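Novice: Shown below is the structure under consideration.
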Amino acid sequence: MSAIKKITKPSHLIDMNDIIREGNPTLRAVAQDVSFPLSDENILLGEKMLQFLKNSQDPDIAEKMGLRGGVGLAAPQLDISKRIIAVLVPNPEDKEGNPPKEAYALEEVMYNPRIIAHSVQDAALADGEGCLSVDRTVEGYVIRHSRVTVEYINKAGEKKKIKLKGYNAIVVQHEIDHINGIMFYDRINEKNPFEVKEGLLLIE
Ligand SMILES: [Zn+2]
């Protein structure tokens, strides 16, 4: 059975067994555009991807299902070479440990997302990046754009244009890289992984 048929079965919940790991050629392929109107299968796939991220961020469910926590997932990571990404970035608790007013800073399934504009300034996460498809730590600053404008189609088929900065911008760039066959460590300076060029914004 194809990966998409298996994953979009009503009873199926995405788990770590569905996620392919580095070395699999699908992660290095440029994924195919999705066509519109969206098929039910592609809508369902997006919903399953977002549900996986929610499950992965719930400590009880994640432990039961053996999930690594994630804030983003791209269809190629499921061995489905389509330009679909899901992002789920939680807002932090306040200083007293109360839940945030809005649970998520970013919660979206994006079809055919693309970066249509970006800042001159670069940014990187101070702690580096990880990936559900990479079962090892790769240290170093992953050099990305500090701010991006992203255009995509949502699950209702509406064209959206959003401006992102900070952590949200990093997450979306990481996922868009996946649909272009790029891994996060491709963007680390091989000779000097912690090089800080002038103007680089380090995000804590
Ligand atoms: Zn990744």
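Novice: Which ones in the stretch 182-204 are within 15 Å of the ligand (Cβ to nearest atom) and either in a helix (DSSP H, G or I) or out of contact with any Ser or Thr (no Cβ under 9 Å at 6 or more places or on another chain) (or both)?
Specialist: I182, F184, Y185, D186, R187, I188, listed by residue number.
Novice: Would the stretch 143-151 turn up any residue that is within 22 Å of A31 (Cβ to Cβ), within 15 Å of the ligand (Cβ to nearest atom) and in contact with a helix residue (DSSP H, G or I) (Cβ under 8 Å, 6 or more places away or on another chain)? So that I can check it myself, show each step before the final result.
Specialist: Step one: filter the stretch 143-151 for residues within 22 Å of A31 (Cβ to Cβ), giving 144-145, 148-151.
Imposing the further condition that a residue be within 15 Å of the ligand (Cβ to nearest atom) reduces the set to 144.
If we keep only those that are in contact with a helix residue (DSSP H, G or I) (Cβ under 8 Å, 6 or more places away or on another chain) too, we end up with 144.
Scanning the stretch 143-151, I find at least one residue that is within 22 Å of A31 (Cβ to Cβ), within 15 Å of the ligand (Cβ to nearest atom) and in contact with a helix residue (DSSP H, G or I) (Cβ under 8 Å, 6 or more places away or on another chain), so the answer is yes.
Novice: Shifting gears a bit: Within the set of pairs 6+ apart or on separate chains, which have a first residue in the stretch 177-192 that is in contact (Cβ under 8 Å) with a residue 24 or more places away in the chain and over 14 Å from R114 (Cβ atoms), a second that is part of a loop (DSSP other than H, G, I, E, B) and more than 12 Å from the ligand (Cβ to nearest atom), and C-beta atoms under 7 Å apart?
Specialist: Pairs found: G181/A29; G181/V30; R187/I143; I188/G140; I188/Y141; N189/G140; N189/E195.
Novice: May I pose another question? Under 6 Å between Cβ atoms, at least 6 apart or on separate chains: pull out the pairs that start in the stretch 124-137 with a residue that is closer than 20 Å to A169 by Cα and assigned to a loop (DSSP other than H, G, I, E, B) and end on any residue that is more than 13 Å from the ligand (Cβ to nearest atom) and not small (G, A, S).
Specialist: What qualifies is A126/L202; A126/E204; G128/E139.
Novice: Taking the stated definitions as given, is K64 more than 16 Å from the ligand (Cβ to nearest atom), in contact with a strand residue (DSSP E or B) (Cβ under 8 Å, 6 or more places away or on another chain), at pLDDT 95 or above and more than 21 Å from G157 (Cβ to Cβ)?
Specialist: Details: more than 16 Å from the ligand (Cβ to nearest atom): yes; in contact with a strand residue (DSSP E or B) (Cβ under 8 Å, 6 or more places away or on another chain): no; at pLDDT 95 or above: yes; more than 21 Å from G157 (Cβ to Cβ): yes.
Spelling it out, it is not the case that K64 is more than 16 Å from the ligand (Cβ to nearest atom), in contact with a strand residue (DSSP E or B) (Cβ under 8 Å, 6 or more places away or on another chain), at pLDDT 95 or above and more than 21 Å from G157 (Cβ to Cβ).
Novice: If I ask for residues that are of a type in the set (A, V, I, L, M, F, W, C) and more than 16 Å from the ligand (Cβ to nearest atom), which ones from the stretch 110-133 would you list?
Specialist: Initial filter on the stretch 110-133 (of a type in the set (A, V, I, L, M, F, W, C)): 110, 115-117, 120, 123-126, 131-132.
Scanning the stretch 110-133 gives I115, I116, A117, V120, A123, A126.
Novice: In the stretch 141-159, which residues are assigned to a strand (DSSP E or B) and loosely packed, with under 14 Cβ neighbours inside 10 Å?
Specialist: In the first step, residues of the stretch 141-159 are kept if they are assigned to a strand (DSSP E or B); the result is 142, 144-145, 147-153, 159.
Within the stretch 141-159, just K159 meets the criteria.
Novice: Still on this structure, I have one more. Step by step: first the residues of the stretch 127-161, then only those that are of a type in the set (A, V, I, L, M) and out of contact with any Phe, Trp or Tyr (no Cβ under 8 Å at 6 or more places or on another chain), then the one that is farthest from I85 (Cα to Cα). Which residue is that? Reasoning before the result, please.
Specialist: Taking the stretch 127-161 first, the residues of a type in the set (A, V, I, L, M) are 132, 134, 138, 142-143, 148, 150, 153, 156.
Narrowing the set further to residues that are out of contact with any Phe, Trp or Tyr (no Cβ under 8 Å at 6 or more places or on another chain) leaves 132, 143, 148, 150, 156.
On the way: L132: 14, I143: 20, V148: 16, V150: 12, A156: 15 Å.
Per the stated criteria, the residue is I143.
Novice: Pairs, please: C-beta under 7 Å, at least 6 apart or cross-chain, first residue without any contact (Cβ under 8 Å) to a residue 60 or more places away in the chain and under 18 Å from L45 (Cβ atoms) and in the stretch 145-174, second of a type in the set (D, E, K, R) and in a loop (DSSP other than H, G, I, E, B)?
Specialist: none
Novice: Residues in the stretch 162-175 that are within 11 Å of V87 (Cβ to Cβ), more than 16 Å from the ligand (Cβ to nearest atom) and not in a strand (DSSP E or B): how many?
Specialist: 0
Novice: Tell me which residues, restricted to the stretch 159-185, are more than 11 Å from the chain's Cα centre (by Cα) and either among the β-branched types (V, I, T) or within 12 Å of A123 (Cβ to Cβ) (or both).
Specialist: I162, L164, K165, G166, Y167, I182
The values are calculated or read from the model by the stated rules, or taken from the named source; none is laboratory data. Given the structure is predicted, the values throughout are model-derived calculations rather than measurements. Backbone-built Cβ (ideal geometry, glycine too); neighbour counts: all protein chains shown.
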